[in-house]
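What follows is a single structure, written as structure tokens, with notes after it.
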Amino acid sequence: MRMGSIVTATNNALTSPLPELSEDSPTGYEGGLRRVILPPMGSDGYQWIMHTQELLQQGGWRIRYTYQDNAPVGREMHWSHSFIWWLLLTGKFHSVITGWPLAASVEAVAPYANTILLGLFLLASPWPIYRRLGAAPACAYVVSLVVVRLFYEFFMVGYPDHHGIVNVACFWSALFLALGGGGWVALSGSSRAFPAASTRQRAKRYFMSSGIAGGTALWVSAATVLPLFVGLGLAGCASLLLVPRRRSEEDDLVEFHPDLWRIWGLSGALTSLGFYALEYFPSHMGMRLEVNHPLYALALMAAGEMLARMGRWRAFGVRPWQGRSGFLVVPICLAGLLALPLLIKLDPERFFVVSDPFLWKLHSEHILEFKSLIDRLAGQGPAAALSVVSVILLVGVFILDFLRRREVNRVWKTSLLLLFLPGLIFTALGFWQVRWLGIAYGVWIAALPVWLAGALALSRKRPFPVWQRAVLALFFLGLLVQFPRLVLATFVETGGKSEMIAPSEAYQMAVRELAYHMKRHHQGDGDVTVLSGPTTTNWMMYYGGMKGLGTLYWENLSGLKAAAGIYAAPTAATALEQIKAKSVTDIALFSIDAFSSEYAELWRNLPEGSKPQNTFSEAVLNGKLPNWLTPLNFRMPRHFSKEWIALAEVHPDQSEADAHLARARWEGSRGKFAAAIEQFRQTVEADPGAK
């Protein structure tokens, strides 16, 4: 249904004709316009498409600067190229098959890029789980990938973003450590420990694979995956308590190899460094700690080394600082672990822009994914709420029950602990800011097959009571029906008509129509720069191939502050001065994203919910236009009669008479002839010689 809605909305116009393909255009469509419509949750996909097309226009294989927003100078771009290169690859296939310009093909395949990734993931990922844990855990894992809503959302049609790659990398980083037994290795000829423990060689491969996945996650989104490494580090330390001081019967079957952690840290560090060089070397090196950086590689290598030395201390009594290099290595490791937080704490403005008070207030108060889970669920019915708060969270409860059981051996406990603590941290963060829940669910999905394999192994020794079997049956029933039931209900409500256009896509059609109108109105006038709310600025830039100021990305802090400063300007003269500096040609204030009070609050550092007075944006919204603004008429489709758009064109040198004349024409175009006559009268008063 989502695919049908996107395709139908994309290929149908309201009144203006859709742009045709053009080999000479940087977007693949004539006039530098774009066509593909994404649902609201996929708005970041517009930026990915624009960055990819900008890369094609600039040439080469990397893009570190964009001219789309923060007009007229642009700004740095630090998003990972992982998804950009994926869009280029899938776009190339589409271009070869269809003969379209590559830029247009990139746009065409973008809605399906992550869905293709999920398909590849579904094909490749069950095998290692089946091989280590068996058929039932592998099947449970595969099903959970598509029935846990907040995980599956990362891969839905119409959601082109890097979050899917991040989640998969985090998933593998945690799971491979668990499959590697957390450092426990089965002794030669031992089969009783399988599948909880692996052979030394296989465990080494799992730890190395976990490090590579972790390094990849750092490359894609370092700030997002920090809780994963905190959780894995804490779990690694806690698991050392399971290493016995004295030998027991189990020690004839398994042996603890703490040096595997060193392999994990080193492989993760080398992967992170390799991707850093791929992104930045040699001409874009810097101290941007919001993204992957060698200091993250150093911290990862230091963590692995310290876990290996602490494990050796626990297992063999050798203190971490003992040995020829101990007194040198341990301080270096501690410095490597502390370097990141110390630099961020000492100079956040220089090293960690995300912590800027303006940006932090913007994110926490005005972006949905930074809201708490309670805010996310507000207004939703019980069924929708249950599909968000998936029963997959109960896996954590089952693991906790496992960890307390004496009959469960230390290898199973270690493996599950490595999944439990990261999952718990991400879940706690998810209740604070809902954006973390997707990765939390990814970790719990990774924990599901490991826990299930352990439960099946335990049940063969001691069958579960009937009530516990009933609880497990209800858990799997809830897991299987929550999200699919909601999808089925939506399908029934729409009568299965996949060609219907969703209201959100229909609204995007109106925005696209407006962007086309504005761009064609300025044909031949040079760059068009629009001032609007942060979300609608992104839309107008994308559809109309124009430039903007404020967009919701930390690299664009300057553009956001510039837009907020204009909105909050106390006088029209102050606003005009700033508008000239930013080469703004048009103002478009949408009711859906007016952001008038919000920008003024941020600029003046007022509490959330304040009603700032004497702002330029409020004056525009109330129709008090200065002489240098010419109102433009654009009617929303009748389906959106309650929505409005306030449009105005900037003419810095416009006379008072010309301003009244333009407003007279505008009032007449809206059918308000009395107001038009009044404006004509004022035109004559301002310039008696006007005709």
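The values are calculated or read from the model by the stated rules, or taken from the named source; none is laboratory data. In this text, all values refer to a predicted model and were calculated from it rather than measured experimentally. Quick reminder, even Gly has a Cβ in these numbers, built from the backbone with ideal geometry, and neighbours come from all protein chains shown. These area figures cover heavy atoms from the full protein model, side chains too; ligands, DNA and RNA do not enter into them. Shrake-Rupley method; radii C 1.70, N 1.55, O 1.52, S 1.80 Å.
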Original post:
Stokes-Einstein D for the range 57-152 at 37 °C, 0.692 mPa s, Kirkwood Rh over Cα pairs, in µm²/s?
Top reply: 201
Subject >> Of F398, F352, S364, farthest towards positive along the dipole that unit charges on Lys, Arg, Asp, Glu beta carbons give the range 332-404 >> reply: F398
**OP:** Read through the labelled values (1) 1.02; (2) 1.09; (3) 1.53 and report the label of the one computed as Cα Rg over 2.2 N^0.38 Å from the structure.
**Re:** (2)
Original post:
What shape does the range 569-679 have by the C-alpha gyration tensor, where a ≥ b ≥ c are the square roots of the eigenvalues, rounded means a/c under 1.5, and otherwise prolate means a/b greater than b/c and oblate the rest?
Top reply: oblate
**OP:** Express in whole angstrom the spacing between the alpha-carbon centres of the range 98-146 and the range 227-245.
**Re:** 31
Original post:
Around G548, which amide H atoms from residues at least 5 apart in sequence, or from another chain, sit under 5 Å from its own amide H, with H modelled in the peptide plane?
Top reply: D69, N70, A71, V530
**OP:** Rank by packing, highest mean first: peptides 562-572, 272-282, 115-125, with packing defined as the count of other Cβ atoms within 10 Å averaged across residues.
**Re:** 562-572, 272-282, 115-125
Original post:
Ranked highest first by the average count of other Cβ atoms within 10 Å around their residues, in what order do 466-472, 226-232 fall?
Top reply: 226-232, 466-472
Subject >> J(HN,Hα) series, the range 100-106, from Karplus relation 6.51 cos²θ - 1.76 cosθ + 1.60, nearest Hz, glycine and proline x >> reply: 6, x, 4, 4, 5, 5, 4
Subject >> Restricting the range 341-412 to GluC sites (Glu not before Pro) in coil, as DSSP defines it, with at most 11 other Cβ within 10 Å >> reply: E407
**OP:** Rounded to the nearest 500, what is the 222 nm mean residue ellipticity of the chain from helices alone, with -39500 (n - 2.57) per DSSP H run of 4+ residues and division by all residues?
**Re:** -19500 deg cm²/dmol
**OP:** Treat every Asp and Glu Cβ in the range 355-483 as -1 and every Lys and Arg Cβ as +1, leave all other atoms uncharged, and give the resulting dipole magnitude about the Cα centre to the nearest 20 debye.
**Re:** 760
Original post:
Using a simple charge model, +1 on the beta-carbon of Lys and Arg, -1 on the beta-carbon of Asp and Glu, nothing else, what dipole does the chain show about its Cα centre, in debye to the nearest 20?
Top reply: 3320
Subject >> Antiparallel bridges, percent of DSSP beta bridges restricted to the chain (to nearest 5) >> reply: 75
Subject >> Within the range 551-683: Cβ-based charge dipole about Cα centre, in debye rounded to nearest 20 (Lys, Arg +1; Asp, Glu -1) >> reply: 400
**OP:** Kindly identify the range 381-477 as rounded, prolate or oblate by the Cα gyration tensor criterion: order the square roots of the eigenvalues as a ≥ b ≥ c, call it rounded if a/c is under 1.5, otherwise compare a/b with b/c, prolate if a/b is larger, else oblate.
**Re:** oblate
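Would you mind telling me the share, in percent, of accessible area of the chain contributed by carbon and sulfur at probe 1.4 angstrom?
62
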Subject >> Estimated distance in nm for a label pair at L368 and I116, the labels positioned 7 Å out from Cα along Cα-to-Cβ >> reply: 2.7
Original post:
Under 21 Å from the Cα of K624, which lysines turn up, not counting those fewer than eight places away in the same chain?
Top reply: K580, K611, K672
Original post:
From the residues P341, A302, M285, which one has its Cα farthest along the dipole of the range 258-353 in the positive direction, the dipole being from +1 and -1 charges on Cβ of Lys/Arg and Asp/Glu about the Cα centre?
Top reply: A302
